[in-house]
Structure formats: structure tokens, C-alpha cells
């Protein structure tokens, strides 16, 4: 199956389905008055975009953290590297370069069913290098009775489409570099950076907002259990911070405005319910679905 072709087709279908509904769909958890929400760019709009960049179901940073915890946990042994449609993993491949001593791992994932109100289709490609007790590269988590202690991960490519009842999110760029420690323990610690860019369309009762944005994020002492990603959002903790930059265009009857937005952001990852800080305001976000509300 050609997943790139499928992705492009679903993106076109999703936009054709959602754009005509823009004037009729209200935004869930509207934290501002209707006129402000429809006519200006609110912190809640920014929080929606940041949630899509972070949450697991949209292919956000939490999904990548889960991939890393799982890759280390399965020890990169080839029998574990299979597709698993029941778990939403359509493609999973891994190749080892014995000269560079680096793994290249690719995933294509689907969350939900095309046509549902919540749906995601995305792919990621990583490089992974494991290091022994002495700091030398090794192929597997356990190689010649030496368990890897640390690792380097790079996000080298990705695509993504995520839509809900009141928004669409299309990833346009992604890269990152993370360092991990504690690979020989049940709890892994990850530090590093990630850059993402995306275009979001947010639907308000009387308007449509298109946010063309980028964010540079720093992961600080993000921890999670090595192994299965089942219940991931209940297990990961840590801090993500950075700067969000966007050009947002608001379309309303007889009015079009454009705003350039720059905001410092902070995300407190905690079991089950994380928080996003946009300027002075905190929003509670479900780290799986990305649904937000006022704190």
C-alpha cells in the first residue's frame, strides 16, 4: 500500500469535509467571549496548536518519547520490529548500519478511522545509537552481556495529519536531537531539543483561523519507563519549554486580519493531565487526545 499517496488523499478529503463546516462549528471549551474568540487570536488558539505539537494522538512530542522508550525496551531485536495494525502501527522497519553503528527506524501510524471526528495519520524516521558501559557504540541493548547505558536519538523526517471536530493540524517540518540515560534501568531520562512546524486551521462559530507556526522546544529531564508504551500518558513526567512563533490569519464575514504571534511556552508533563502555559495563563491538556480546558 502506498502510504504517502494515502496521506495526501486523506489530507484533501479532510480539508474538503471540514472547510465548509467552518461557520457552523463552535469551539469546545471556549474560554473567551464570542466576539474576541471570533475576531482575534487568543491564547486558547495558541494552546490548541501547542497541544497538537505535544500530545500523543496527533504524533506530537509525547508520541516520539513513547517510540524511544519502546525502542530501547525491545532491545532493537528484529523479531519485535513488526507492523501492528491493531495498535495503529501500519509500518515499522529497522535497519542497522554496521559501519556507522547506527540504527534507522521508521514508523507509519494511524489513530482512529478515516472519516471519524478524531483521526491521525503520521510517520516518523529516527536514527538511534546505543552506547555501552565504556561509552562505545553497540548494536543491541544487550550486546555480549554488556547492557547499553546511554543512547542518542535524532528525528530525521516526518509527516503528519491530525483533525478533530474543530481543527485540522498538518505537520510541515520536524527534526530533533535527544540524549538518553538510564537505559540499563527501568526508568529512562531524556534531554534534548525538537523543532516542529505546522499549519493549523481552527474553527470558531463565526470565523476560521489559519495558524502557520513553528516551535523550538527543549525537553528537560523527561522520564518514562523503558518498554511498553501502554498507558504512556500516565507514566511520563518532565518539562518542555520553548518559543512559539506564528502568522495567524482570521477570516470572518467582511473581515480578514493577520497577526504575528510570539509566545514563550512551558509544558508541565504529569500523569494523565499535563499543563500548558501561554504567557500568564495555564491550560490543562489531556496528553493523549490534546483536548484543552482552563486550569
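The values are calculated or read from the model by the stated rules, or taken from the named source; none is laboratory data. Quick caveat: nothing in here was measured; it's all calculated off a predicted structure. Because the Cβ atoms are built from the backbone with ideal geometry, glycine has one as well, and the counts that use them run over all protein chains shown.
Summed over the stretch 206-248, the residues that are over 21 Å from residue 47 (Cα atoms), modelled with pLDDT of 95 or more and surrounded by 21 or more Cβ atoms within 10 Å (Cβ to Cβ) give a count of 0.
Let me confirm something: among 118, 90, which residue is in contact with a helix residue (DSSP H, G or I) (Cβ under 8 Å, 6 or more places away or on another chain), more than 27 Å from residue 185 (Cβ to Cβ), surrounded by 16 or more Cβ atoms within 10 Å (Cβ to Cβ) and at pLDDT below 90? Exactly one residue qualifies, and that residue is 90. For the stretch 133-145, the count of residues that are surrounded by 17 or more Cβ atoms within 10 Å (Cβ to Cβ) and within 22 Å of the chain's Cα centre (by Cα) is zero. Tell me which residues, restricted to the stretch 171-196, are within 19 Å of residue 261 (Cα to Cα) and either buried (at least 18 other Cβ atoms within 10 Å of the Cβ) or free of Cβ contacts under 8 Å to residues at least 24 places away in the same chain (or both). If the condition is that a residue be within 19 Å of residue 261 (Cα to Cα) and either buried (at least 18 other Cβ atoms within 10 Å of the Cβ) or free of Cβ contacts under 8 Å to residues at least 24 places away in the same chain (or both), then 171, 195, 196 are the ones that fit.
Kindly indicate whether residue 190 is more than 16 Å from the chain's Cα centre (by Cα) and within 22 Å of residue 244 (Cβ to Cβ).
no
Take residue 162 and decide whether it is modelled with pLDDT under 95, part of a strand (DSSP E or B) and under 24 Å from residue 47 (Cα atoms). I'd like the intermediate steps shown before the answer.
Numbers: modelled with pLDDT under 95: yes; part of a strand (DSSP E or B): yes; under 24 Å from residue 47 (Cα atoms): yes.
Here the answer is yes, as residue 162 does meet what is asked.
Before we move on, is residue 130 farther than 17 Å from residue 53 by Cα, buried (at least 21 other Cβ atoms within 10 Å of the Cβ), touching a strand residue (DSSP E or B) at 6+ places or on another chain (Cβ under 8 Å) and in contact (Cβ under 8 Å) with a residue 40 or more places away in the chain? So residue 130 passes the test. Inside the stretch 134-159, residues that are part of a loop (DSSP other than H, G, I, E, B) and free of Cβ contacts under 8 Å to residues at least 24 places away in the same chain make up a count of 5.
Of all residues in the stretch 20-62, which are within 30 Å of residue 222 (Cβ to Cβ) and modelled with pLDDT under 50? If you could, list the steps in order and put the result at the bottom.
Start the filter on the stretch 20-62 by keeping residues that are within 30 Å of residue 222 (Cβ to Cβ), which leaves 27-29, 31, 41-62.
Matches in the stretch 20-62: 27, 28, 29, 31.
Might you check whether a residue that is closer than 25 Å to residue 45 by Cβ, free of Cβ contacts under 8 Å to residues at least 12 places away in the same chain and out of contact with any strand residue (DSSP E or B) (no Cβ under 9 Å at 6 or more places or on another chain) occurs anywhere in the stretch 262-279? No, the stretch 262-279 contains no residue that is closer than 25 Å to residue 45 by Cβ, free of Cβ contacts under 8 Å to residues at least 12 places away in the same chain and out of contact with any strand residue (DSSP E or B) (no Cβ under 9 Å at 6 or more places or on another chain). Counting only strands (runs of 3 or more DSSP E) that sit wholly inside the stretch 211-295, those with at least 3 residues that are more than 18 Å from residue 56 (Cα to Cα) are 237-252, 255-269.
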